[in-house]
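Heads up, the thing below is written out as structure tokens.
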Amino acid sequence: GAVVSQHPSWVICKSGTSVKIECRSLDFQATTMFWYRQFPKQSLMLMATSNEGSKATYEQGVEKDKFLINHASLTLSTLTVTSAHPEDSSFYICSAREKLEAFFGQGTRLTVV
Amino acid sequence: QKEVEQDPGPLSVPEGAIVSLNCTYSNSAFQYFMWYRQYSRKGPELLMYTYSSGNKEDGRFTAQVDKSSKYISLFIRDSQPSDSATYLCAMTLYGGATNKLIFGTGTLLAVQP
């Protein structure tokens with residue numbers, strides 16, 4: 001299957017700083033990528049849909065100014081958590097679909113201290 | 001009512017058992033159905049996808065879709081300890097790459113050696 005690479009796999013940052021997470025489709029072009037958040041023992045919560053060359057579409061309740069998404073090319077989308085706080089600590093996962101199938105990155109464990 | 005319902009488990013079975021995992025859904029317009037396996041602290045990996053009703057088999061895994069009952073299943077034959085993971089069902093209205101998936105909450109499976 002297709003490969004989606006996410007980096008970093010884990011990051012620890014201080015409260016108030018910003019963190020950028022990258023998501024790359026390695027062997028296919030993805031005009032659309034999806035960003036999810038997952039709390040322990042819970043399912044994936046869709047945060048936003050990232051569209052190449054245009055603004056991201058955010059789900060209800062997700063602060064677009066806090067979670068900045070940039071999809072500058074057909075193979076790269078980035079999620080920046082701005083002014084991170086401890087409550088932003090979570091597992092963030094990106095996904096891209098190739099035809100019918102959705103492939104996921106390895107996830108990024110963010111811990112804000 | 002959630003769009004997709006899935007028993008969170010945990011489900012514990014002995015090695016070699018047949019495992020049945022299930023999801024129900026409320027939106028009869030869903031057409032594409034997927035099963036993902038997620039190991040702890042990793043991104044989900046696609047196991048199987050099916051379109052509309054019917055069965056699909058891949059090795060020890062069989063996916064079933066019953067659209068009339070709005071019910072999907074994943075069967076695992078001859079379960080192995082390496083099958084221990086969280087299993088997520090997902091579905092979408094259309095097959096296009098821009099359409100988001102709706103996930104169940106996931107079922108935690110433990111296969112005891």
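The values are calculated or read from the model by the stated rules, or taken from the named source; none is laboratory data. What you are looking at is a predicted structure, and each value in this text was computed from that prediction instead of being measured. Here the Cβ positions follow ideal geometry from the backbone for every residue, glycine too, while neighbour counts run over all protein chains shown. Protein only, heavy atoms only, side chains kept; ligands, DNA and RNA dropped before computing areas. Shrake-Rupley method; radii C 1.70, N 1.55, O 1.52, S 1.80 Å.
Per residue, how much accessible area does segment A:74-113 show when a 1.4 Å probe rolls over the protein heavy atoms, in square angstrom?
So segment A:74-113 comes to 33 Å² accessible per residue, rounded to a whole number.
Nearest 100 Å² is fine: what is the total accessible surface buried where chains B and A meet, probe 1.4 Å?
1800
Report the FRET efficiency, 1/(1 + (r/R0)^6), for A:LYS64 and B:SER28, where r is their Cβ-Cβ distance and R0 is 35 Å, rounded to 0.05.
Numbers: r = 32 Å, r/R0 = 0.92.
Rounded to the nearest 0.05, the efficiency is 0.65.
Take every Cα pair under 8 Å in chain B that's 6+ residues apart, average their separations, divide by the length, and report that relative contact order as a whole percent.
RCO, chain B: 37 percent.
On full extension of the chain, what length is gained from A:HIS7 through A:LEU100, given 0.36 nm per residue of separation minus the C-alpha to C-alpha distance?
31.0 nm
Probe radius 1.4 Å, ligands and nucleic acids ignored: give me the carbon and sulfur share of the accessible area of the protein assembly as shown as a rounded percent.
Whole-percent figure for carbon plus sulfur exposure: 50.
Taking the Cα centre as origin and putting +1 on Lys and Arg beta-carbons and -1 on Asp and Glu beta-carbons, what dipole magnitude results for chain A, to the nearest 20 debye?
In debye, rounded to 20, chain A gives about 160.
Net charge around A:PHE28, counting only other residues with Cβ within less than 11 Å of its Cβ (Lys, Arg = +1; Asp, Glu = -1)?
Within the 11 Å Cβ shell, the charges total 0.
Write down the Kirkwood hydrodynamic radius of the protein assembly as shown, to one decimal in angstroms, obtained as one divided by the mean of 1/r over all alpha carbon pairs.
Computed over Cα pairs of the protein assembly as shown, the Kirkwood hydrodynamic radius comes out at 18.1 Å.
List the lysines whose alpha-carbon lies under 16 Å from that of A:LYS20, not counting same-chain residues fewer than 8 positions away?
Once the sequence-local lysines are set aside, what remains near A:LYS20 is A:LYS64, A:LYS66.
Considering only DSSP states other than H, G, I, E and B, which GluC sites (Glu not before Pro) in segment B:1-103 qualify as loop sites with at most 15 other Cβ atoms within 10 Å? Write down the numbers at each step before the final one.
Numbers: sites: B:GLU3, B:GLU5, B:GLU15, B:GLU45, B:GLU57; in loops: B:GLU3, B:GLU15.
Taking segment B:1-103 and a limit of 15 other Cβ atoms within 10 Å, the loop GluC sites (Glu not before Pro) found are B:GLU3, B:GLU15.
Can you spot the aspartates and glutamates whose alpha carbon is less than 17 Å from B:LYS67's alpha carbon? Ignore those fewer than 8 places along the same chain.
Answer for B:LYS67, where 17 Å is the Cα cut-off: B:GLU3, B:GLU5, listed by chain and number.
I'd like the accessible area for B:VAL65, computed on protein heavy atoms only with a 1.4 Å probe and all protein chains in place. Round to 10 Å², please.
For B:VAL65, the solvent-accessible surface is approximately 10 Å².
Starting from the amide H of B:ASP7, placed 1.01 Å from N in the peptide plane, find each other amide H under 5 Å away whose residue is 5 or more places distant or on another chain.
Close amide H contacts, sequence-distant or interchain: B:ASN22.
Around B:VAL111, under 13 Å between beta carbons, what's the net of Lys plus Arg minus Asp minus Glu among the other residues?
Numbers: positive: B:ARG37, B:ARG60, B:ARG77; negative: B:GLU15, B:ASP78, B:ASP83.
My count for the surroundings of B:VAL111 gives 0.
Can you give the accessible area per residue of segment B:59-113, in Å², using a 1.4 Å probe? Intermediate values should be presented prior to the final figure.
On the way: 2140 Å² over 55 residues.
With all protein chains present, segment B:59-113 gives 39 Å² per residue.
With a cut-off of 13 Å, note down the residues of segment A:47-80 whose backbone N falls inside the zone around a label point 7 Å from the Cα of A:GLU87 toward its beta carbon.
Those under the cut-off are A:62-63.
Once you mark the chymotrypsin sites (Phe, Trp or Tyr not before Pro) that are in a DSSP loop and have at most 14 other Cβ atoms within 10 Å, what is the longest gap between them in chain B?
B:40-93
Assuming R0 = 25 Å, can you tell me the calculated FRET efficiency for the pair A:THR17 and B:LEU93, based on Cβ-Cβ distance, to the nearest 0.05? The partial results should precede the final answer.
Details: r = 39 Å, r/R0 = 1.56.
The calculated FRET efficiency here is 0.05.
How big is the charge dipole of the protein assembly as shown about its Cα centre, in debye rounded to the nearest 20, if each Lys and Arg gets +1 on its Cβ and each Asp and Glu gets -1 on its Cβ?
Once rounded to the nearest 20, the dipole reads 320 debye.
Please report, in whole Å, how far the alpha carbons of segment B:8-113 spread along each principal axis, starting with the longest.
40, 28, 23
Just to confirm a number: summing +1 for Lys and Arg and -1 for Asp and Glu over residues other than B:GLU3 whose beta-carbon lies under 12 angstrom from that of B:GLU3, what do you get?
That sum, taken over residues with Cβ under 12 Å, equals +2.
Would you mind getting me the FRET efficiency between A:ASP27 and B:GLN1? Use the beta-carbon distance for r and R0 = 45 Å, nearest 0.05. Mind dumping the intermediate values first?
Numbers: r = 39 Å, r/R0 = 0.87.
Given R0 = 45 Å and the Cβ-Cβ separation, E is 0.70.
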